[in-house]
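Participant: This is the structure I have questions about; it appears just below.
Only the coordinates and a few stated rules stand behind these numbers; no lab work does. Since we're looking at a predicted model, the values are computed, not measured. Positions of Cβ are backbone-derived with ideal geometry, glycine not excepted, and every protein chain shown enters the neighbour counts.
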Amino acid sequence: MSVTTVSGQLVHYEAFGRGKPVIFVHGWLGSWRYWWPTMQALASHHRSFAVDLWGFGDSSKKVGDYTIGSHVAMLDGFVNKMGIARPFTLVGHSLGAAIALRYARTTSGYVDRIAAVAMPLSQDHVNGYLVGKEAERVIDQSRNKFANFPEVVMGLGKADLGALDQSTSQLPDLALGDDLRQVDCPTLLIFGARDALIKYPAEELDAGDQEPFDQHCILLEDCSHFPMLEQPAIFNRLIREFIDRESPAGLEPKNYWQRRTR
């Protein structure tokens, strides 16, 4: 287990592989653990870092500020503390995708590209059981819903109820459409067609196609909220190809319906 400090608080992370850096950021329901298969798949050409956000996994609890802004600052502090070479690839899932997108928008020259998995563009795209519910109830429901994924269940057992409460309380104000339009690096959006937690924002992604930077969306059939665990071979190949391509526009995984959103 590897630990560093940012703003006087512990940040747990795991690092693996050699080569160009990739940083993984988990979501509301988990920790660094569900990124492990992808980190292994990238190990021969990439140095992967997977962090536990404050209030989750083995990072500090009772921090007091679990807002997206606080976690963006935590991520920035981690990058600087670790001396991670820039630019790097960011891969985020649900809450982690929102943090990654906001981080890329507010920094310059740090992020080479972003893969945003199951990212909620707004509260309208989030299942109601995450909104306005007590954290303990959310964890209990999630533990039952994702019982087949031990990596997720283990992360749920370590989550600080206050962190989950505060981070989900921001959902009514969540509006990532502007961030998506203004981010200045290639972006890959991945959604599961059977995701019961995050809805695929088809209308929002279809609106406007004049932005200057490449953005590409892939909808994975027969996949729900955790494609990195449900279909690791397909997911890992997508991430590898996305990192290696100049533009994500050519990504067309076999056997999966895909669409160009920009």
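Participant: Given 0.36 nm per residue, what is the gain on full extension from Ala249 to Thr5 after removing their alpha carbon distance, in nm? Could the numbers behind the result be given before it?
Facilitator: Numbers: separation 244, 0.36 × 244 = 87.84 nm, distance 3.81 nm.
Contour length minus Cα-Cα distance gives 84.0 nm.
Participant: Taking GluC sites (Glu not before Pro) that fall in a DSSP loop and have at most 16 other Cβ atoms within 10 Å as cut points, what is the longest piece of the chain between them?
Facilitator: Result for the longest clean stretch: 1-133.
Participant: If R0 is 22 Å, what FRET efficiency do you get for Arg194 and Ala233 from their C-beta distance, rounded to 0.05? Don't skip to the end; give the middle numbers.
Facilitator: Working: r = 18 Å, r/R0 = 0.81.
The pair Arg194/Ala233 has a calculated efficiency of 0.80.
Participant: Calculate the spin-label point distance for Ala15 paired with Ala73, positioning each point 7 Å from the Cα along the beta-carbon direction, and give it in nanometres.
Facilitator: 2.5
Participant: Which of Lys61/Lys145; Lys61/Lys158; Lys62/Lys158 have a Cα-Cα distance over 20 Å?
Facilitator: Lys61/Lys145
Participant: In addition: Could you pull out the trypsin sites (Lys or Arg not before Pro) across the range 1-54 that fall in loop regions by DSSP (anything but H, G, I, E, B) with no more than 13 other Cβ atoms inside 10 Å?
Facilitator: Values: sites: Arg18, Arg33, Arg47; in loops: Arg18.
When the trypsin sites (Lys or Arg not before Pro) of the range 1-54 are filtered for loop state and at most 13 Cβ neighbours within 10 Å, Arg18 remain.
Participant: Cα centroid distance between the range 84-110 and the range 157-191, in Å?
Facilitator: 12
Participant: Once a ≥ b ≥ c are taken as the square roots of the eigenvalues of the Cα gyration tensor of the range 16-114, is the result rounded (a/c under 1.5), prolate (a/b larger than b/c) or oblate (a/b not larger than b/c)?
Facilitator: Values: a/c = 1.74, a/b = 1.24, b/c = 1.40.
Oblate is the answer for the range 16-114, as a/c is 1.5 or above yet b/c matches or exceeds a/b.
Participant: Give the calculated FRET efficiency between Leu161 and Thr107 to the nearest 0.05, with a Förster radius of 25 Å applied to their Cβ-Cβ distance. Please list the in-between numbers first.
Facilitator: Working: r = 31 Å, r/R0 = 1.23.
E between Leu161 and Thr107, to the nearest 0.05, is 0.20.
Participant: Between beta-carbons, use under 10 Å as the cut-off and find the net charge around Asp222, counting Lys and Arg +1, Asp and Glu -1. Provide the component values of the computation, followed by the final result.
Facilitator: Details: positive: Arg194; negative: Glu221, Glu230.
That works out to -1.
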